[in-house]
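Okay, so here's the structure we're looking at.
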Amino acid sequence: MGNLSLRGFGIRFVARLCLAAFFLANVLVFDLICADSACAIKAESTKRVSAGKKQAKRKDAKKEQGRRSAKSEKNTKSERGKKAEAARKDSKKDKKGKKERKRAEKPKQDAKPVRNGHEKAEKEQKSAEREESDFEKAMRCSDRGDLKNAVKYFEKAARNGSAEAMFNLGVMYESGQGVKRNPKKAALWYEKAAEAGNVFAELNLGSMCYTGDGIPKNYRKAFELTQKSAIKGEPHAQYNLSGMYFRGHGTDRDLKKAFEWARRSAKAGHPCAQYQLGKMYLHGIGVGKDEKEAFAWFAKACENGFDPACSIRKRQGGR
């Protein structure tokens, strides 16, 4: 069973944050009238009485003037009190207005840190975009065939922590694209990408460990890496894992597990796995013999462009 390595892969990341406030007074007037003088005595006594009345009048006038003066002072005090009260009310209104204005201004003051927070987030975003832009530049260079610059930008992105860039660097060093072929460097970058959880780096490094391409063979490590990638659903890794179980490389030989992993890969559309699954059904490897099922899988493999499966179909009369 052959081993497959993924030769090209790119994922583009797109990376990308607010808020609102009165009175009346009465006055009374009094008049006095004097009478007739018929006899002298009466006249004198009348004069005395009249004089007494005049004195009484003057006293009353003084009292009235005093009352009016007191009222005037009282009214003046009252007016002053009213003015003072009005001034106090105005002062309270002004204070209240100032407080309301301050409260209204507070959100504006609070908005500064929010804007500063947005600015910080924007700076972080721009920084992240700059890191990812190296990856984007590498992909554009690769698309137009500028592989030397692709390597340069992949390396920048990889040093900034991009697992996809690490994987692509591994591919380029392994295949000698844009750089001198160097399997050791390829394995190094695959290792870093695999540690970051890149499923394709696990697959390719596992393949290198299996074949010993530029690095020592290590079936056990190859099995562990391939199994990690297969469990994550990578069809190539599932196919390779099936072969390891079939041969007992890096693990105990287990034909049922070999069949199971081949079936998973075949269902995911892997043509080699579809062909292998057909042979397993045809010869009863890890499963009971079933020619009908076998030729159904050969047909699928042929439809997906796997020539050996087409050859079997021809020999069997196009079944």
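The values are calculated or read from the model by the stated rules, or taken from the named source; none is laboratory data. The structure displayed is predicted, hence computed values, not measured ones. Every residue, glycine as well, gets a Cβ built from its backbone with ideal geometry; the counts of neighbours run over all protein chains shown.
The residues of the stretch 224-261 that are over 19 Å from Met280 (Cα atoms), of a type outside the set (Ser, Thr, Tyr) and crowded, with 21+ Cβ neighbours inside 10 Å, listed by number, are Leu225, Gln227, Ala230, Glu234, Gly250.
Which condition from (1) modelled with pLDDT of 95 or more; (2) under 37 Å from the mean Cα position of the chain (by Cα); (3) hydroxyl-bearing (Ser, Thr, Tyr); (4) farther than 22 Å from Gly286 by Cβ is the one that Ser207 breaks? Result: Ser207 passes all but (2).
Conditions (1) touching a strand residue (DSSP E or B) at 6+ places or on another chain (Cβ under 6 Å); (2) at pLDDT 70 or above; (3) over 19 Å from Ala196 (Cβ atoms), marked per residue:
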residue: Lys102; (1), (2), (3): no, no, yes
residue: Asp110; (1), (2), (3): no, no, yes
residue: Asn116; (1), (2), (3): no, no, yes
residue: Gly145; (1), (2), (3): no, yes, yes
residue: Glu155; (1), (2), (3): no, yes, no
residue: Glu164; (1), (2), (3): no, yes, no
residue: Phe167; (1), (2), (3): no, yes, no
residue: Gly170; (1), (2), (3): no, yes, no
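Restricted to helices (runs of 4 or more DSSP H) entirely inside the stretch 179-234, those with at least 1 residues that are small (Gly, Ala, Ser), touching a Gly at 6+ places or on another chain (Cβ under 6 Å) and within 21 Å of Val151 (Cα to Cα) are 183-195. Of all the listed residues (Ala222, Ala230), the sole one being at pLDDT 95 or above, touching a Cys at 6+ places or on another chain (Cβ under 9 Å) and of a type in the set (A, V, I, L, M) is Ala222.
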